[in-house]
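Written below as structure tokens is the structure these notes are about.
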Amino acid sequence: EAGRRVNLPPTDSLWSDAAWRDVPTFHLLRDETGELAPRLATEVKLMHDGRTLAVIARCAEPGAVVARVKENDGPVNQDDSFHVYLATSGSAYTQFAINPSGYFLDNVGFTGGPRLSRAREWSSGARTNAHREDGAWVVRMDLPLEATAQALGETQAPAEWRILLMRHRP
């Protein structure tokens, strides 16, 4: 569950700011049997105001990051990146990905054969921010729920969403 607030914190707010301090933290696990902790932690906090889902992720990284992509809608998913997938059913999804430099990718796709499941570019209107801090990179995405629901074929934003949170390290 994501907490609801009347006003979301500014997009440039920090992980440790008062607005995020009391928001529960999710710790991402490896996608393997046994819920194994990753070598480098990824922590995520979520909140919404009914119109926008605010996601902030802190990705531990003691060394250099891979951030070759220098344009929005480029192959951000090949860099160090953080991804949010949203769906309302099993037939369609939206993908939001951001690299440590703040370059952003938003796609919509459908499940099925290779022709259908290939993601297609889509301009979601999301607001984003990324920055480095000691031992980590932090990203923020404000994802518009109504536009996302429309891209998924819904007539209005639903009360419940399917969500997948993922960190990619090349």
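The values are calculated or read from the model by the stated rules, or taken from the named source; none is laboratory data. Bear in mind the structure is a predicted one, so any value in this text is a computation, not a measurement. Using ideal geometry, Cβ is built from the backbone for each residue, glycine included, and neighbour counts are taken over all protein chains shown. Please note that ligands, DNA and RNA were not included when accessible areas were found on the heavy atoms of the full protein model with its side chains. Shrake-Rupley method; radii C 1.70, N 1.55, O 1.52, S 1.80 Å.
Key figures for this structure:
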quantity	calculated
Largest-first ellipsoid semi-axes for region 8-84, taking √(5λ) over the Cα gyration tensor eigenvalues, angstrom	22, 19, 13
Fraction of accessible area attributable to carbon and sulfur, region 3-157 (%, probe 1.4 Å)	48 percent
Stretch in the chain that is longest and holds no GluC sites (Glu not before Pro) that DSSP places in a loop and that have at most 13 other beta carbons within 10 Å	72-159
With all protein chains modelled, accessible area of ASP79 [1.4 Å, Å²]	0 Å²
Cα-centre dipole for the chain with unit charges at Cβ (Lys and Arg positive, Asp and Glu negative), debye to 20	220 debye
Separation in nanometres of the label points that stand 7 Å from Cα toward Cβ, at ARG132 and ALA18	3.0 nm
Highest-MSF residue in the chain out of ARG39, ARG127, ARG68 [GNM, Cα springs under 10 Å]	ARG39
Extension gain, THR111 back to LEU164 (0.36 nm per residue minus Cα-Cα distance, nm)	17.6 nm
Förster radius 41 Å - calculated FRET efficiency between LEU29 and LYS70 (Cβ-Cβ, nearest 0.05)	0.85
Helical mean residue ellipticity (222 nm; -39500 (n - 2.57) per DSSP H run of 4+; nearest 500) of the chain	-1500 deg cm²/dmol
